[in-house]
Amino acid sequence: RDQLAQQTRELTDRRAQLLAGSYRLFYREPVHLVRGQGQYLYDADGRQYLDLYNNVASLGHCHPAVVQAVTEQMQQLNTHTRYLHERILDYTDDLLSTFPAEKDWRAVYMCTGSEANDLALRVAQAHTSGEGVIATAEAYHGTSALTSAVSPALGSGQPIAPTVRLVPAPDTYRTGIADIGTWFANQVQSAIDDLRAHNVRLSALILDPLFSSDGVLPGTPGFLAPVVDVVRRNGGLIIADEVQPGFGRTGERFWGFARHGFVPDLVTLGKPMGNGMPVSGLVGQADVMASFSDRLPYFNTFGGNPVSMAAAQAVLDTIRADNLQEHSLHVGELTRQALRDVAARHEVLGDVRGVGLYTGVELIEDADGRVPDAGLALDVVENLRRQGVLTSTAGPDGNVLKLRPPLAFSSGNVDWLAGALDASVHEAVTNRRARAGS
Ligand code: PMP
């Protein structure tokens, strides 16, 4: 124990000396991971954790199909997209078969979700000759200058571009509004009107169809239809940021936008696409993509290389072979049933919502007020870590537990999670009462 604490201190100190201050660690007592397998992570002490946070290793940590595909391709060839190679074509064929068949699609590959969104914004601006972008109030879309300027989740230090308008996310729980689709469309219409009043032409609405960093707000299927109409009537494009909901995570459909029955102009892919290999993509309607590509080349040194494509192919193959989309739907439902049972015992658990293996749990002050309680949420996250469950928070008030395990998370893991949440909330509430009383 002492040795482990000493090692943790040493690594933390070395980080402070070597790495830029932009890096943030999770947990008051940071976790030092050395190994991962499926839905489990292991620390330097050999302790097993249930991973509720990593939708990047979406099939599961160190998935053998991905490890094998990457290793074999790495032993053969890895180079860029200026030579002919089958892998990128075979993968694209396969990927595009998951897109709405009524449109003609084109794909570009890069390494991060940020790059995919950055290019999507540039393509949208080229196609519409507009600069104006609308995003949600706690969105996160990336690290580049363009994408961070539409990422209010970065906090007050991040300037939002003057051509960007932020709209409140469609949160039925907090607003109490039943017809959230119409309400959301009205918010976006007002933002478009404001852009117009400032002589800014609309280029795109960019949204994560799960509104994950806005607090996990999947809503009912189809509720985004009115907002799509509003944007199109005003000459704008829709960019669906599928970095979070994509690749079967929602269980209902392969893509988050497909749950809502609309066809985006541009779709960005990331995190789960390569199960941990840095692979991302932009898929767009052919005429929209041409507005950019007719004028400008796009070359990404590592994007679309055969090793990355091998990883991405193994991911698609495994999702299909193991029916992971159905698995996500089924186990996600079981998870929320179990968590709702826990919530029934704690008035500070205000809402349990989600779709597939993506769940948000609201921590509130008491049952009546729905007042967000970020402090309690943080205490619960710390307590969960002691129970061997790793997760974090989301939402504008930082009070929503964000549960998105690798899809390897199974029905056999639900009890561990539910028991850990029950104990963690109990402990947090008891400690708070004790502090208030002392
Ligand atoms: N979009 C969304 C919705 C994201 O959640 C993220 C990453 N958290 C990104 C884009 C950026 O992806 P990356 O970190 O790979 O650049």
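In this entry, G132 passes the filter for residues that are more than 16 Å from the ligand (Cβ to nearest atom) and buried (at least 22 other Cβ atoms within 10 Å of the Cβ). Evaluate the following for I177: is it surrounded by fewer than 20 Cβ atoms within 10 Å (Cβ to Cβ), hydrophobic (A, V, I, L, M, F, W, C) and in contact with a helix residue (DSSP H, G or I) (Cβ under 6 Å, 6 or more places away or on another chain)? Taking the combined requirement at face value, the residue satisfies it.
Taken together, D265, D294 contain a single residue that is more than 16 Å from the ligand (Cβ to nearest atom), among the charged types (D, E, K, R) and surrounded by fewer than 21 Cβ atoms within 10 Å (Cβ to Cβ), which is D294. Just one of (1) surrounded by fewer than 23 Cβ atoms within 10 Å (Cβ to Cβ); (2) within 23 Å of the chain's Cα centre (by Cα) fails for A311. It is (1). Of the residues making up segment 268-291, those that are among the hydroxyl-bearing types (S, T, Y) and buried (at least 24 other Cβ atoms within 10 Å of the Cβ) number 2. For first residues located in segment 350-371 and free of Cβ contacts under 8 Å to residues at least 12 places away in the same chain, partners that are among the hydrophobic types (A, V, I, L, M, F, W, C) and assigned to a strand (DSSP E or B) and lie 6+ apart or on another chain with Cβ distances below 6 Å form the pairs V371/I364. Can you name every residue in segment 216-229 that is touching a residue at least 12 places away in the same chain (Cβ under 8 Å) and either surrounded by fewer than 20 Cβ atoms within 10 Å (Cβ to Cβ) or within 11 Å of the chain's Cα centre (by Cα) (or both)? Within segment 216-229, V216, P221, G222, A225, P226, D229 qualify. Y42 satisfies every condition listed in (1) farther than 24 Å from G270 by Cα; (2) touching a Gly at 6+ places or on another chain (Cβ under 8 Å); (3) aromatic (F, W, Y); (4) touching a residue at least 24 places away in the same chain (Cβ under 8 Å) except (4). Among residues of segment 249-274 that are within 11 Å of P209 (Cβ to Cβ) and polar (S, T, N, Q), those with a Cβ under 9 angstrom from a residue that is away from the ligand (no atom under 14 Å from the Cβ) and in a loop (DSSP other than H, G, I, E, B), sequence gap 6+ or separate chain, pair up as T250/V355; T250/G356; T250/L357. Exactly one residue out of L52, L96 is closer than 20 Å to G276 by Cα and among the aliphatic types (A, V, I, L, M), and it is L52.
Each reported figure results from applying straightforward, stated rules to the coordinates on display, with no laboratory input. A quick note: this is a predicted structure, and the numbers were derived from the prediction, not measured. So basically every Cβ, Gly included, is an ideal-geometry build from the backbone, and we count neighbours across all protein chains shown.
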